[in-house]
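Colleague: Before we start, here is the structure in question, set down as structure tokens.
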There are 2 protein chains.
Amino acid sequence: MTYPLIGPLRVVESSAFIAAPLAGLTLAQFGADVIRVDMIGGGIDHQRMPRMPGPDGRSLYWAGLNKGKRSVAVDLRRPEGRELVQALVTAPGPAGGVLLTNIGTPWLAHDRLAARRADLISCTIQGNPDGSTAVDYTVNSATGYPAVTGGGSLQRPVNHVLPAWDIAAAYQAAFAIVAALNRRQRDGVGAELRMALSDVAFTMLSHLGVLAEAELLHEERPSIGNHLYGAFGRDFGTADDRRVMVAAISVNQWSALVQACGLAAEVQGLATALGLDFADEAQRYAARDALAALFEPWFAARPYAEVAQALDAARVCWGPYRSVRQALDEDPRVSLANPVFEQVDTPGIGRHLSAGTAVRVADLPRQATAPAPRLGTHTDEVLHDVLGLSAAAVGELHDRGVVAGPPQE
Amino acid sequence: MTYPLIGPLRVVESSAFIAAPLAGLTLAQFGADVIRVDMIGGGIDHQRMPRMPGPDGRSLYWAGLNKGKRSVAVDLRRPEGRELVQALVTAPGPAGGVLLTNIGTPWLAHDRLAARRADLISCTIQGNPDGSTAVDYTVNSATGYPAVTGGGSLQRPVNHVLPAWDIAAAYQAAFAIVAALNRRQRDGVGAELRMALSDVAFTMLSHLGVLAEAELLHEERPSIGNHLYGAFGRDFGTADDRRVMVAAISVNQWSALVQACGLAAEVQGLATALGLDFADEAQRYAARDALAALFEPWFAARPYAEVAQALDAARVCWGPYRSVRQALDEDPRVSLANPVFEQVDTPGIGRHLSAGTAVRVADLPRQATAPAPRLGTHTDEVLHDVLGLSAAAVGELHDRGVVAGPPQE
């Protein structure tokens, strides 16, 4: 679903992979006209896995990240192709003049474009701030997290699978662009925004207190497997071989868990034996292994359905472990019962469950999410609408191979 | 560092833990006046670990997430205290009328506040959309990621340590608030924004193509340890017992890696033997184990310094694994050499390396990041500035215990 909150805004996106495309998707979900410009035949992410079967099977990854955008296919190696993209970015009008990119090519440099449109807003996502290459995985390795994930260590690190730094970069880019737009509407000035994936990661170490912990306390976050840091929480197995994650961070969450499992006396006995007060989250954390041993048998003795019912009845903060298939099969939060989801028919892919923005805006009609376009679907209409090119001029660009439309069905 | 991009904006934040505080921090980093309102003595996150030593040691977590905000301490259980917070949120003027919360208490419900200020923008971050409780860990368990992280499975899931869904929610909240502000400046209308952590996670499954993969291909993302999905990338150990992460997603990255390691002939031999073309990322992925076995000896035969030099010389996309202490000691990206970082002197904590926003805005002077305040530091000035209360009126509120200032040093 899409909400028209941003107002008239046209963003030209020259991008690949996750960070910039997800930022563009986020802007599109709030009503921006996002024009993704790609090399004829597709950029380096156009066939990224997972893909539909067959040699020409469309990328489900690309289709997920480019929902609701317009697609223009241009020969980006030729000066005329580059001129067209520069013209699209710098076309006049208050809605235009915004570039979103993680390609970082000199012909899309801010200064060159700002010479044609002074109030340009550009947002460039990089790997490292010095321009050297880095991706989510090669930044993450240096944050310390893989050394403390999954009971890992520096010698046996565990990489995350979720591209968390790309995601954090994407939403910050969308935020920064709208903030810069707000200033442009106020003061008439553009902005050159740059963000490095490595800065996204390392600034987060400061925001979460992890950096100060290392600097001031000379401590590293310990590697504690599935335990939750600083309070009580862990995964537990049920009698029928399922697992659930339980979190007891606040004192209310803790009381609910103890009550649900009927273990008040045992927990009090442990507290007395250890001289601890489990109303204090840090003291629960200190006794996490002993506490987990008290709770394990309760979960192990009950099938999942009974565990779920008891935890829900006591308002425990918990969640099941599920595969994506299981989530689709049994979790109403991942279904059409949740208005965040809708059925979308993507060309070349078919009908599938698809999400709009996670933000819900009360009293504002939701607009349906458009699917990801075929590459080049909007080449002609964009050249006409934005650049005012005649049908004959567009036809000539096609004939000379400077632009392309969608593949023939 | 802070950039004044957003323009006059006052946000009242009633929050705890990560998602809403990080959203408020993000707004503060772009120039908003963020007033965090807490219960006298602190909310449930005020003593969250890690903490400075001693019984009253300040939380480094709280200090990281609340940099540059103003702090007001109020007795939130009393009607007069709640009235003060409602008055702060709904105080007149174009800069005000914005509430950011993840507390979800009825006395801060949108409708009640909008009755006092019609153009109110409120953003409420929830666990689940039905209002039931959920935290990052209990949402993450249901996304499928723990079952494929670290070579895990549904029976042996691996939780992430980075609170990735909280982070994604935070930046989306900041984005949505500025988008709603943009609309309010245009049309004069407010907005009731709600976002559930579970929706943040499940919508991401759609955006990354993981949901369509499960629905249409009946496939789950495989559990492949530290291998990168869909291309070639993995961690490798060096002769001196360090590890590096290498990513070869694009064909350029792949060529650089093969060249750096001098393995062109061996790699070509493997391609011929298997009948594969490693210029195609999917075929590199299919042969990932055999390829990794070719590269392992090269890394194992060289100390880290030599590996780093060779990979950099060939412009390979790679990164070292580091602990946070190592990053502080040896990575210039996490130091004052990087303008994203600065020294901040936080009351009760001392001087430490601290980050501003990861976004760099060219030609705009950076303003220094203010430290996290002591709880209640700005109680008096906010009541005076925003509500126009006299010193006598503020004094009376103190006397009756409705508000509090900072603790005596």
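Colleague: Mean residue ellipticity at 222 nm from the helices of the protein assembly as shown, using -39,500 (n - 2.57) per DSSP H segment of n ≥ 4 over the full residue count, to the nearest 500 deg cm²/dmol?
Modeller: Working: 32 runs with 308 residues, N = 818.
The helix contribution divided over the protein assembly as shown gives -11000 deg cm²/dmol.
Colleague: For chain B, take the longest principal axis of its alpha carbons; what is the angle in degrees between that and the long axis of helix B:79-90, to the nearest 10 within 0 to 90?
Modeller: The helix B:79-90 is inclined about 70 degrees to chain B.
Colleague: List the aspartates and glutamates whose Cα sits under 19 Å from the Cα of B:Lys69, skipping any in the same chain fewer than 8 residues away.
Modeller: Output for B:Lys69: B:Glu13, B:Asp33, B:Asp38, B:Asp45, B:Glu342, B:Asp345, B:Asp380, B:Glu381, B:Asp385.
Colleague: Another question, if that's okay. Whole-Hz ³J(HN,Hα) for each residue in the range A:284-295, computed from phi via Karplus 6.51 cos²θ - 1.76 cosθ + 1.60 with θ = phi - 60°, x for glycine and proline: what do you get?
Modeller: Karplus values, whole Hz, x for Gly and Pro: 4, 5, 4, 9, 4, 6, 5, 5, 4, 5, 5, 7.
Colleague: Summing +1 for each Lys or Arg and -1 for each Asp or Glu, what net charge is found among the other residues whose Cβ lies under 13 Å from the Cβ of A:Ile249?
Modeller: Details: positive: A:Arg234, A:Arg284, A:Arg288, B:Arg48; negative: A:Asp280, A:Glu281, B:Asp45, B:Asp136, B:Asp166.
Spelling it out: positives minus negatives among the neighbours equals -1.
Colleague: I'm a student and want to see the number: the projected area of the Cα convex hull of the range B:1-98, averaged over all directions, in nm².
Modeller: Values: hull surface 26.4 nm².
Result: a mean projected hull area of 6.6 nm².
Colleague: May I ask for the angle, rounded to the nearest 10°, between helix A:304-313 and the longest principal axis of chain A, with both axes built from Cα atoms and the value confined to 0 to 90°?
Modeller: 90
Colleague: Exposure proxy check: B:Ser141, A:Ser15, A:Ser132 ranked by fewest other beta carbons within 10 Å? The partial results should precede the final answer.
Modeller: On the way: B:Ser141 27, A:Ser15 24, A:Ser132 13.
Final ranking by Cβ density, sparse to dense: A:Ser132, A:Ser15, B:Ser141.
Colleague: Now for a different question. Among residues other than A:Leu328 whose Cβ falls under 13 Å from its Cβ, what is the net charge (Lys/Arg +1, Asp/Glu -1)? Don't skip to the end; give the middle numbers.
Modeller: Details: positive: A:Arg322, A:Arg325, A:Arg333; negative: A:Asp329, A:Glu330, A:Asp331, B:Glu213, B:Glu215, B:Glu219, B:Glu220.
Neighbour charge sum, excluding A:Leu328 itself: -4.
Colleague: Put the label 7 Å from Cα along Cα→Cβ for B:Asp187; what are its distances to the other copies, in nanometres, shortest first?
Modeller: 2.8
Colleague: Whole-Hz Karplus ³J(HN,Hα) for the range B:190-197, in order, using 6.51 cos²θ - 1.76 cosθ + 1.60 and θ = phi - 60°, x for Gly and Pro?
Modeller: With the stated coefficients, the range B:190-197 comes to x, 7, 9, 9, 10, 8, 9, 4 Hz.
Colleague: Going by how many other beta carbons lie within 10 Å of each one, how would you line up B:Leu294, B:Leu84, B:Leu387, fewest first?
Modeller: Values: B:Leu294 16, B:Leu84 24, B:Leu387 13.
The fewest-first ordering by Cβ neighbours comes to B:Leu387, B:Leu294, B:Leu84.
Colleague: Still on this structure, I have one more. What's the exposure ranking of B:Ile18, B:Ile103, going from fewest to most Cβ atoms within 10 Å? Spell out each step's value before the answer.
Modeller: Working: B:Ile18 26, B:Ile103 17.
Result, fewest neighbours first: B:Ile103, B:Ile18.
Colleague: In whole Hz, what ³J(HN,Hα) sequence does the range B:214-227 give by Karplus (6.51, -1.76, 1.60; θ = phi - 60°), x for Gly and Pro?
Modeller: Each residue's phi maps through the Karplus curve to give 6, 6, 8, 9, 6, 10, 9, 4, x, 8, 10, x, 8, 5 Hz.
Colleague: Where both residues lie in chain A, what percent of DSSP beta bridges are antiparallel, nearest 5? Please report the intermediate quantities before stating the final value.
Modeller: Values: 20 of 43 bridges.
Among the beta bridges of chain A, antiparallel pairing accounts for roughly 45 percent.
Colleague: Around B:Val403, which amide H atoms from residues at least 5 apart in sequence, or from another chain, sit under 5 Å from its own amide H, with H modelled in the peptide plane?
Modeller: For B:Val403, the qualifying residues are B:Asp75, B:His398.
Colleague: Compute the FRET efficiency between B:Ala118 and A:Arg186 as 1/(1 + (r/R0)^6), taking r as their Cβ-Cβ distance and R0 = 22 Å, and round to the nearest 0.05. Can you show the working numbers first?
Modeller: On the way: r = 23 Å, r/R0 = 1.02.
Between B:Ala118 and A:Arg186 the formula returns 0.45.
Colleague: Please give the net charge around B:Arg51, taking every other residue with its beta carbon less than 13 angstrom from that of B:Arg51, where Lys and Arg add +1 and Asp and Glu add -1.
Modeller: -4
Colleague: Subtract the Cα-Cα distance of B:Ala313 and B:Glu296 from 0.36 nm times their separation in residues, and report this length gain in nm to one decimal. Mind dumping the intermediate values first?
Modeller: Details: separation 17, 0.36 × 17 = 6.12 nm, distance 1.91 nm.
Here the segment from B:Ala313 to B:Glu296 would lengthen by 4.2 nm.
Colleague: Right, next: Which distances, shortest first and in nm, link A:Ala286 to the matching position in the other copies, using label points set 7 Å out along Cα to C-beta?
Modeller: List, nearest first: 5.7 nm.
Colleague: What gaps in nm, shortest first, separate B:Leu217 from its twins in the other copies when you place the label 7 Å past Cα toward the beta carbon?
Modeller: 4.2
Colleague: Given a Förster radius of 45 Å and the C-beta distance between A:Arg366 and A:His46 as r, what FRET efficiency does 1/(1 + (r/R0)^6) yield to the nearest 0.05?
Modeller: Details: r = 29 Å, r/R0 = 0.65.
Taking R0 as 45 Å, the efficiency between A:Arg366 and A:His46 is 0.95.
Here, each number is a calculation from the coordinates, and none is a lab measurement. Remember, it's a predicted structure, so these values are computed and weren't measured experimentally. Using ideal geometry, Cβ is built from the backbone for each residue, glycine included, and neighbour counts are taken over all protein chains shown.
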